[in-house]
Amino acid sequence: MTALTTNPTSMEAHPFASPEPSSTIDTKYKMIAENVTVSYGGIDAVKNVTMKFKEKSVTALIGPSGCGKTTFLRCLNRMHDMTKNAKVTGKVLIDNTDLYSKEIDPIYHRRKVGMVFQKPNPFPTMSIYDNVTAGLRLNGVRDKKILDEIVEDSLKMAYLWDEVKNDLKKSAIELSGGQQQRLCIARALAIQPEVLLMDEPASALDPIATQKIEETITELKNDYTIIIVTHNMQQAIRVSDYTGFMYLGDLIEFRETKKLFTDPKNELTAKYVQGHFG
Amino acid sequence: MNSIQQRRQEYRSLFKQNVAKRLLVDKAVKIIVFTCVIVAIIPLGSILVEVFKNGITAISIEFLTETPGSIGSGEGGIGPAIQGTLIIIGLSSLIGVPIGVMSGIFLSEYGDNTLARFVRFFNDVFMEFPSIILGIFAFLIIVLVLGHFSVWAGAFALSLIMFPIVARTTEESLKMVPMTYREAGTALGLKKWVITFRIVISAAKSGMVTGIMLSVSRIGGETAPLIMTILGSSQFFSSLDTPMDALPLRIWRLSLLPYDSAQLQGWGAALVLIMIILGINLGIKYYFMNKKNGFFGQLIKQRRNVTK
């Protein structure tokens with residue numbers, strides 16, 4: 001664990017790097033982002049952000065549109081490899097391994113990290129069953145029994161099983177928007193990740209579907225490290241243990257959710273959570 | 001404050017004033033568009049009617065299966081030509097489609113570099129090349145080198161026509177697949193080629209098939225490159241190393257003859273060629289649409305569900 005504790009000077013540079021500065025030594029961090037900067041064609045979208053994510057906790061990232069939350073989230077999975085002009089510097093450690101080190105093939109680490117996107121994006125030509133198993137089948141898992149088990153398990157975790165259990169061969173895009181999003185969560189869970197990244201997973205959904213997804217998140221917390229980007233501050237309060245507030249690419253404040261919302265240390269945070277701007 | 005409200009009232013009245021004029025323009029555009037379609041369809045339709053009217057009288061079982069009789073006798077058929085057309089379409093597709101599809105995948109999925117821009121530019125130029133030049137090219141590098149006309153040379157020339165079309169349409173249909181599916185695949189830890197072949201292509205399948213069909217129709221009717229390569233023959237296919245007949249060649253030969261019976265046979269051959277190309281198109285389209293797993297098939301289905 002000692003390798004993961006940041007040295008005092010960098011702690012000073014990032015006063016909110018860890019949500020609980022007092023107990024850095026004995027807390028286990030699943031994922032650590034160190035001095036992450038992302039720039040698109042020379043313009044910094046995320047500026048030198050350092051954050052630590054505790055194992056089996058939910059961390060919410062909030063902030064006004066364009067503050068870099070999604071950009072930062074995508075760094076944690078090396079999704080920017082697909083974007084032209086995007087340049088990422090800094091380190092992202094998962095279980096002590098730097099995701100951005102040259103020797104690492106990101107494919108192996110992406111399997112540790114599941115991702116759910118803002119808009120539901122089930123594979124249009126596949127059935128529900130095939131969508132859930134896509135990550136496994138296309139990675140070479142053929143055993144029908146294992147696949148069946150994982151489908152049931154993942155769909156149950158995503159609270160979708162009861163609605164589709166008799167219809168697994170149905171095309172995925174015949175589902176409603178909320179069901180599609182839960183299918184995408186099941187698909188992400190099927191590869192048995194340890195970290196789950198969610199980019200505004202409920203922004204396109206109605207309140208009932210949102211509630212179901214929030215229940216899923218709370219349930220999943222027992223086994224996963226979850227990082228969720230959200231525009232909805234109430235949602236952050238409901239589901240998260242820790243909350244980071246970002247503004248114009250900077251991480252302004254990162255603390256326990258309850259403290260951040262009731263007793264914000266930073267003036268900007270206070271204004272934002274009280275709804276003065278956003 | 002008051003003046004803003006007055007201005008708004010003015011804007012509203014402006015909107016009301018020209019309603020009649022706008023409705024008129026709307027009607028005029030509709031009429032112009034409709035007329036243009038009619039003007040475009042009339043020659044196409046009359047060609048079809050003419051070919052059908054003249055060709056149908058020539059068609060019989062023996063016309064479709066026998067070798068040509070002596071010139072001007074009006075006997076015999078176009079059997080070798082039908083067989084040859086099917087062979088040359090099949091062989092050219094075997095060469096042209098895989099190369100075209102792979103180039104299209106390269107341009108769409110790996111095409112963010114100077115090499116791809118270069119390839120794309122030449123592909124576009126190539127697509128507009130007069131086909132006779134490709135025929136002469138095949139003549140120079142295959143027929144002259146081997147010393148005789150051959151099916152190979154013809155298939156080579158036609159596949160040169162085919163692959164830029166296939167490459168371009170493949171690229172376009174792959175690019176239409178939303179980026180989010182590729183992102184979802186990446187986030188599942190899939191390798192790029194798996195994403196491309198198992199997810200992106202299956203979503204783009206019907207567009208790609210349309211492109212391939214377009215190229216098949218195009219080469220099915222090509223005459224000039226075949227004159228330079230497979231030459232024509234009055235015998236059934238014997239080997240890939242010898243000359244062979246094909247429908248466009250047969251139509252061309254028959255139509256130049258000064259006998260009414262030969263020209264009638266030419267019309268018959270033209271009708272057969274049109275039917276073959278129509279048949280291939282409809283057959284494959286029906287097959288892919290009916291599978292209902294093409295991206296657009298799904299999209300149509302989804303739309304229908306929504307409107308229900």
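Data table
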read-out	value
Residue under evaluation B:ALA58, criteria (1) among the hydrophobic types (A, V, I, L, M, F, W, C); (2) in a helix (DSSP H, G or I); (3) surrounded by 11 or more Cβ atoms within 10 Å (Cβ to Cβ), criterion not met	(2)
Positions within the range A:68-110 being assigned to a loop (DSSP other than H, G, I, E, B), more than 8 Å from chain B (Cβ to nearest Cβ) and without any contact (Cβ under 8 Å) to a residue 60 or more places away in the chain, in sequence order	A:ARG78, A:THR83, A:ASN85, A:LEU99, A:TYR100, A:SER101, A:LYS102, A:GLU103, A:ILE104, A:ASP105
So B:GLY232, is it more than 14 Å from chain A (Cβ to nearest Cβ), surrounded by 15 or more Cβ atoms within 10 Å (Cβ to Cβ) and without any contact (Cβ under 8 Å) to a residue 24 or more places away in the chain	yes
Flag if A:ILE173 is buried (at least 19 other Cβ atoms within 10 Å of the Cβ), touching a helix residue (DSSP H, G or I) at 6+ places or on another chain (Cβ under 8 Å), part of a helix (DSSP H, G or I) and in contact (Cβ under 8 Å) with a residue 40 or more places away in the chain	yes
Any hit, the range B:203-219, residues being within 14 Å of chain A (Cβ to nearest Cβ) and under 30 Å from A:LEU196 (Cβ atoms)	yes
Index of the failed condition, B:ILE82 passing every other in (1) closer than 15 Å to B:LEU273 by Cα; (2) assigned to a loop (DSSP other than H, G, I, E, B); (3) β-branched (Val, Ile, Thr)	(2)
So B:GLY74, is it in contact with a strand residue (DSSP E or B) (Cβ under 7 Å, 6 or more places away or on another chain) and at pLDDT below 90	no
Residue in the range B:35-50 that is farther than 20 Å from B:SER261 by Cα, surrounded by 10 or more Cβ atoms within 10 Å (Cβ to Cβ) and in contact (Cβ under 8 Å) with a residue 12 or more places away in the chain present	yes
Neighbours by Cβ (under 9 Å, 6+ apart or cross-chain): first from the range A:177-206, within 12 Å of another protein chain (Cβ to nearest Cβ); second aromatic (Phe, Trp, Tyr) and assigned to a strand (DSSP E or B)	A:VAL195/A:PHE53
Positions within the range A:133-173 being at pLDDT below 90, within 23 Å of A:PRO207 (Cα to Cα) and within 12 Å of another protein chain (Cβ to nearest Cβ), in sequence order	A:ILE173
Criterion: modelled with pLDDT under 90, within 25 Å of the chain's Cα centre (by Cα), closer than 30 Å to B:THR186 by Cβ and surrounded by 10 or more Cβ atoms within 10 Å (Cβ to Cβ) - qualifying residue of B:GLY100, B:GLY111, B:GLY104	B:GLY111
Some residue of the range B:180-199 being closer than 30 Å to A:MET82 by Cβ, in contact with a Phe, Trp or Tyr (Cβ under 7 Å, 6 or more places away or on another chain) and of a type in the set (Phe, Trp, Tyr)	yes
B:LEU107 being outside any loop (DSSP other than H, G, I, E, B), out of contact with any helix residue (DSSP H, G or I) (no Cβ under 9 Å at 6 or more places or on another chain) and of a type in the set (A, V, I, L, M, F, W, C)	no
Qualifying positions in the range B:175-184 - within 7 Å of chain A (Cβ to nearest Cβ) and of a type outside the set (D, E, K, R)	B:THR180, B:TYR181, B:ALA184
Residue within the range B:115-127 that is within 14 Å of chain A (Cβ to nearest Cβ), over 27 Å from B:THR242 (Cβ atoms) and part of a helix (DSSP H, G or I) present	yes
Selected residue (criterion: modelled with the lowest pLDDT) from residues of the range A:1-44 that are buried (at least 18 other Cβ atoms within 10 Å of the Cβ), in contact with a helix residue (DSSP H, G or I) (Cβ under 9 Å, 6 or more places away or on another chain) and closer than 24 Å to A:HIS80 by Cα	A:ALA17
Extreme residue, farthest from the other protein chains (Cβ to nearest Cβ), among residues of the range B:185-201 that are assigned to a helix (DSSP H, G or I) and not hydrophobic (A, V, I, L, M, F, W, C)	B:THR196
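Yes or no, residue by residue, for (1) of a type in the set (Ser, Thr, Tyr); (2) within 24 Å of B:PHE122 (Cβ to Cβ):
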{"residue": "B:ALA138", "(1), (2)": "no, yes"}
{"residue": "B:LEU144", "(1), (2)": "no, no"}
{"residue": "B:ALA157", "(1), (2)": "no, yes"}
{"residue": "B:ILE165", "(1), (2)": "no, yes"}
{"residue": "B:ALA184", "(1), (2)": "no, no"}
{"residue": "B:THR223", "(1), (2)": "yes, no"}
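The values are calculated or read from the model by the stated rules, or taken from the named source; none is laboratory data. Quick caveat, the model's predicted, so the values are computed rather than measured. Virtual Cβ from ideal backbone geometry, glycine too; neighbours counted across all protein chains shown.
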